[in-house]
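Encoded as C-alpha cells, the structure appears first; notes follow it.
The values are calculated or read from the model by the stated rules, or taken from the named source; none is laboratory data. As the structure is a prediction and not an experimental result, all values here were calculated from the model. Counting neighbours? That spans all protein chains shown, and the Cβs are built from the backbone with ideal geometry, glycine included.
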Amino acid sequence: MRIASLVLMASVAALAGAGGGPAIYVVGNLGGISPGDEGTLVLQHDAVVFRSGKTVLSLPYSDIHNVELGTRVMPPADAPLYKVWRLPKRFPTERPMHQMVNFAFADRDGNEQTMTLEFEEAAANQTVVEIEIRQGKRTPPRHATNGDS
C-alpha cells in the first residue's frame, strides 16, 4: 500500500510540471504552520499547494499578488563534530545553496498574507518562473523545432 501511494505521489509531482518540491516554511503570517516546518510545494494546473504535515494550503494563481526570490543561504551542516565519520559532509562544496521564495497573497476573506519558503537554489528559480508563466506575467520558453535555427 505504501509503495502504491509513493508511486502515485511521484507521478502527480511529475505531471504537475517543473518547479516546487521540498520546502521549509521560514516566516509568514499563516495559521497552523510554524517556522521550520518542512513540507512540499506542488504547482498544480490552477493553484500552488503547500503541504506540511496535516496542513494543506492551496493558493490559486489569481490570488498571488507577488512572488519573488529572496536571500540565498547556506544550509547548516547535518553532521555534528563528534561524528568523525560524517565530517566530510560539513564541507561547503558538497552542500547546495538554498534560496528563499517570498509569496504575497490574499486569503479567502481578502486578508493579506505572506509566506517565505526555503528551497534549493535551482528549485527556487524554477518555481518563480513557473508561477509567473501560469499567471501570464511571462511567456513560456519556445523550444526549437526542425524548421527553427
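Pick from the stretch 60-71 the residues that are of a type in the set (A, V, I, L, M) and within 13 Å of the chain's Cα centre (by Cα): which of them is surrounded by the most Cβ atoms within 10 Å (Cβ to Cβ)?
Step by step, filter the stretch 60-71, then rank; the result is VAL67.
Of the conditions (1) under 18 Å from ALA122 (Cα atoms); (2) among the polar types (S, T, N, Q); (3) at pLDDT below 50, SER5 fails just one. Which one is it?
Checking SER5 against (1) under 18 Å from ALA122 (Cα atoms); (2) among the polar types (S, T, N, Q); (3) at pLDDT below 50, the one that fails is (1).
May I ask you to list the residues in the stretch 92-121 that are more than 14 Å from LEU41 (Cα to Cα), modelled with pLDDT of 90 or more and either within 18 Å of the chain's Cα centre (by Cα) or surrounded by 14 or more Cβ atoms within 10 Å (Cβ to Cβ) (or both)?
HIS98, GLN99, ALA104, PHE105, GLN113, THR114, GLU121
In the stretch 25-49, what count of residues is obtained for those that are closer than 24 Å to GLN135 by Cβ and touching a strand residue (DSSP E or B) at 6+ places or on another chain (Cβ under 9 Å)?
17
Considering only the stretch 26-40, state which residues are farther than 15 Å from VAL67 by Cβ and of a type outside the set (A, V, I, L, M).
If the condition is that a residue be farther than 15 Å from VAL67 by Cβ and of a type outside the set (A, V, I, L, M), then ASN29, GLY31, GLY32, SER34, PRO35, GLY36, ASP37, GLU38, GLY39, THR40 are the ones that fit.
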